[in-house]
Amino acid sequence: MAQDLFETHYFWKTAPVEAFSAFVKTEDYLKLSRRTTSREKEDETSRPLRDSSAQVYIHMFSRFARWMARENLDVFSITAAHLRAFLEYRESEEGKPPRALTSSIRVRYLRMLERVFAHLQLQPNPARHAAFDVYRTPAAGRDKPKAVLSPAQHAEFMRALPSAPPLVEEDMDNPSWKRRRDRAMLAMMLGAGLKVSEVIGIRTASVGVMDTTGSIPVTITPRSVGGSAKHHETQLRPFAAREVTAWIAERKMRNIPGELLFPASLQGGLLNKATVYRYVKETLARAGIDVHRKGGRTLRNSFAVRELESGGSVELVGQFLGHKKRKSTEKYLLQKPGTTLPD
């Protein structure tokens, strides 16, 4: 049967395994898994999926199709709740006792199904939403857990930013400028997902113009972190933008020399990383937030999970974070705010 025949909704509904078997061998399937940036060529081609890999995916989808038939469902009626139920389903194979799916297999299923639903243009994508309720069990005796703030803790953190009086032009010598700088810096870390090394080295020119949603593009360059990061762009979200724009205006008014957005002194200079870690720890303490890790990484983790839960794709959030590999971002799909997960 011709491949394009299986591109119709009718065949995805009535013959899902055959439809998927045709789809998994197409360039469209590869494109949906490919991370594309503005610096990549639009006509770039990927290596064809190996036949052995395609057969593995077909086997996996067949299992999903059997479950759908058992539940009287089809690909167009699937919800995130259905997918969570499927991932908990234990199917016996060839007389073997039923076994639960491992965390890594669950992730593979969700990645595969996310592509299917994206191809069928189903919005919201149920596989993406189901991912937030999939949990990984930490291996005993390995890896310290990473912390992620809940939405309520986000708000508490912002309320606990260093207290600072408003800027008064007649009182430019008041040392309270440092606290306003620190408020903006901490807000940017939580609101844009910057690492400590990135936020202390970011340049004023790296902050763009606010868009109609209230977000501000922020560019991270290798130069700003001593060549140890890839060039990428993130978004400073509206809840944190006011602190940053206020500081940018004050910095300009003070005519601070150099390019650093958050200088160590009024003469410029780079802040010490340990100082920033201390600021984060102190703010978490003022907010009454007790997490295993009290450094900048917790704020970055929280940004990543918040973006994914807001509907951002793994590829997009990976670009915001400057990740080189998709799997670095996928681990956040297994994270629930207010909990911990192994690094």
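Contact map, the stretch 55-68: residues that are not assigned by TED's automatic domain parsing to the domain that holds Glu18 paired with residues that are of a type in the set (A, V, I, L, M, F, W, C) and not in a helix (DSSP H, G or I), Cβ distance under 9 Å, separation 6+ or inter-chain. No pairs are found. Tell me, yes or no, whether the stretch 230-241 has at least one residue that is over 24 Å from Arg306 (Cβ atoms), part of a helix (DSSP H, G or I) and touching a residue at least 60 places away in the same chain (Cβ under 8 Å). No, because not a single residue in the stretch 230-241 is over 24 Å from Arg306 (Cβ atoms), part of a helix (DSSP H, G or I) and touching a residue at least 60 places away in the same chain (Cβ under 8 Å). At least 2 residues being surrounded by 14 or more Cβ atoms within 10 Å (Cβ to Cβ) and modelled with pLDDT of 90 or more is the threshold, and among the helices (runs of 4 or more DSSP H) wholly inside the stretch 269-343 those reaching it are 273-286, 296-309, 314-321.
Against the condition aliphatic (A, V, I, L, M), outside the structural domain of Ser302 (by TED's automatic domain parsing) and either over 21 Å from the mean Cα position of the chain (by Cα) or at pLDDT below 90 (or both), how does Ala139 come out, does it pass?
yes
For the stretch 200-229, name all the residues that are polar (S, T, N, Q) and either in contact (Cβ under 8 Å) with a residue 24 or more places away in the chain or closer than 20 Å to Pro263 by Cβ (or both).
Thr204, Ser206, Thr213, Ser215, Thr219, Thr221, Ser224, Ser228
When residues in the stretch 61-80 are screened for being in a helix (DSSP H, G or I) and farther than 18 Å from Asp28 by Cβ, 10 of them pass.
So Pro217 passes all but one of these: (1) part of a strand (DSSP E or B); (2) closer than 21 Å to Ala160 by Cα. Which condition number does it fail? Evaluating Pro217 over (1) part of a strand (DSSP E or B); (2) closer than 21 Å to Ala160 by Cα leaves (2) as the failure.
Among residues of the stretch 168-190 being touching a Pro at 6+ places or on another chain (Cβ under 9 Å) and modelled with pLDDT of 80 or more, the one that is surrounded by the most Cβ atoms within 10 Å (Cβ to Cβ) is Leu186.
The values are calculated or read from the model by the stated rules, or taken from the named source; none is laboratory data. Since we're looking at a predicted model, the values are computed, not measured. Note that we place each Cβ from the backbone using ideal geometry, even for glycine, and neighbour counts take in every protein chain shown.
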